[in-house]
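The values are calculated or read from the model by the stated rules, or taken from the named source; none is laboratory data. Everything numeric in this text was worked out from a predicted model, so none of it was measured. For neighbour counting, all protein chains shown are included, and Cβ atoms are generated from backbone atoms with ideal geometry for every residue, glycine included. The protein model used for the area step is the full one, side chains on, heavy atoms only, and it has no ligands, DNA or RNA in it. Shrake-Rupley method; radii C 1.70, N 1.55, O 1.52, S 1.80 Å.
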Amino acid sequence: MHIVRYQSVSDSRPRIAVLNDGVLSTLPVAGMFELLNHRIEEVERMCADAAPDCPLTEVRLLAPVDGAMEVWAAGVTYLRSRDARVEESTLKSVYELVYDAERPELFFKSPAWRVVVDGEPVGIRSDSELNVPEPELALVMNRFEEIVGYVVCNDMSSRSVEGENPLYLPQAKLYAGACALSSGIRPAWEVDPSDLAIRLTITRKGAVIWDGTTSTKQIRRPFTQLAAYLFHSENYPHGVVLATGTGLVPDLDFRLHAGDLITVTIDEIGELRNPVVVGKDHFNFLATP
Ligand code: DO4
Ligand code: MG
């Protein structure tokens, strides 16, 4: 089962539904933000009670975030991310220190309206020469800090901008097309996230040019610790998504190109496929009122 946002041809208003075996069962809420205003037991009950009403073939799936939801991200939670950043950065010690510190690195990634979904493009900054996708498991949390479910996230990153100076992190991480989420939220009551395979495949002109796999078992911190720091001094009245960091980073000689196709698959959670484009003009569709 997945929880999705969708739009049908007959009614342009986005709706929330449970997706089971290709059939949608619409939930009686105005948006994901309203669903995440409920305790997890109530969300589970609403999902169980929903009646099938529409085939998946008649709708378009949207990014699973809306309202005042935000996407945040944790960093340097896997050894591979620490090592790759030590290699690329002019200031190596910040990454070594944060990997071992009690307080995790957490950064704002995107408001709901800037998020792209499966099938839409992801972006590269036109002033960045070294870019990578970051395949990450993301937690979907309600306003009560409960993990309601999981989605696949691609935390697109400019290695050259971040590598020049860690203070440029917001520019390396927040730009048009930098945040992609899979459309379906896999409910937390259905899955154990402690040892899930995360796979990244990059294809160019139909041929695989990079391919790697890790497991959520390799993460250095418990998900609940990341969630506790996120909620420590801020409220998320419409819920929040927290990407938990990457365990896969290509070597420094790897360069992402326009036209590459990025596929991130997380066992039990879902798949996210996005073609790569360069520059913000490709994302005008997100910014059109
Ligand atoms: O320290 C910069 C960001 C790290 C990150 O996004 C990751 O480890 O996934
Ligand atoms: Mg990341």
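When the Karplus curve 6.51 cos²θ - 1.76 cosθ + 1.60 is applied with θ = phi - 60°, which whole-Hz ³J(HN,Hα) does each residue of region 207-216 get, with x for Gly and Pro?
Once θ is set to phi - 60°, the couplings for region 207-216 become 9, 6, 10, 7, 7, x, 9, 9, 9, 4 Hz.
To the nearest whole percent, what portion of all C-alpha pairs in region 113-228 is separated by more than 23 angstrom?
Within region 113-228, distances greater than 23 Å cover 39 percent of Cα pairs.
Using 0.36 nm times the number of residues separating Ala197 and Phe231, minus their current alpha carbon distance, what extension gain do you get?
That works out to 9.5 nm of additional length.
Calculated from DSSP H runs of 4 or more alone, at -39500 (n - 2.57) each and per residue, what is the 222 nm mean residue ellipticity of the chain, nearest 500?
-5000 deg cm²/dmol
Quick one: with all protein chains in place, what share of the accessible area of the chain is carbon or sulfur, to the nearest percent (1.4 Å probe)?
Carbon and sulfur: 50 percent of the exposed surface of the chain.
Could you order Thr26, Thr57, Thr244 by accessible surface area, starting with the largest, using a probe radius of 1.4 Å?
Reading off the accessible areas and sorting them downward yields Thr57, Thr26, Thr244.
Please report, to two decimal places, log10 I(q)/I(0) for the chain at q = 0.08, 0.11, 0.12, 0.15 Å⁻¹ as given by the Debye formula with identical point scatterers on the Cα atoms and no solvent.
Each listed q corresponds, in turn, to -0.31, -0.60, -0.72, -1.14.
How many Å² of accessible area per residue for the chain, probe 1.4 Å?
Solvent-accessible surface per residue comes out at 44 Å².
Please work out how much accessible surface Arg273 shows to a 1.4 Å probe, ignoring ligands, DNA and RNA, in Å² rounded to 10.
110
What is the sum of charges around Glu129, taking Lys and Arg as +1, Asp and Glu as -1, for the other residues whose C-beta is under 10 Å from the C-beta of Glu129?
In short, +2.
Return the whole-Å distance between the Cα centroid of region 116-138 and the Cα centroid of region 71-87.
Each part reduced to its Cα centre gives a spacing of 16 Å.
Net charge near Gly259, counting Lys/Arg +1 and Asp/Glu -1 over other residues with Cβ under 13 Å of its Cβ?
+2
Towards the positive end of the charge dipole of region 1-148, with charges on Cβ (+1 Lys, Arg; -1 Asp, Glu), say which of Ile147, Leu56, Ser126 has the farthest Cα.
My answer, from the dipole projection, is Ser126.
Please state the relative contact order of region 65-122 as a whole percent: Cα pairs under 8 Å, 6+ residues apart?
Relative contact order, region 65-122: 50 percent.
To the nearest 10 Å², what's Glu34's accessible area with a 1.4 Å probe?
60
In whole angstrom, note down how far apart the Cα centers of region 156-218 and region 1-50 are.
26
Pulled fully out, how much extra length does the chain show between Leu286 and Arg103, if you take 0.36 nm times their separation in residues and subtract their Cα-Cα distance?
62.5 nm
Check cross-link reach from Lys109 to the lysines: straight Cα distance under 21 Å, and skip same-chain residues fewer than eight apart.
Within the straight-line limit of under 21 Å, Lys109 reaches these lysines: Lys173, Lys280.
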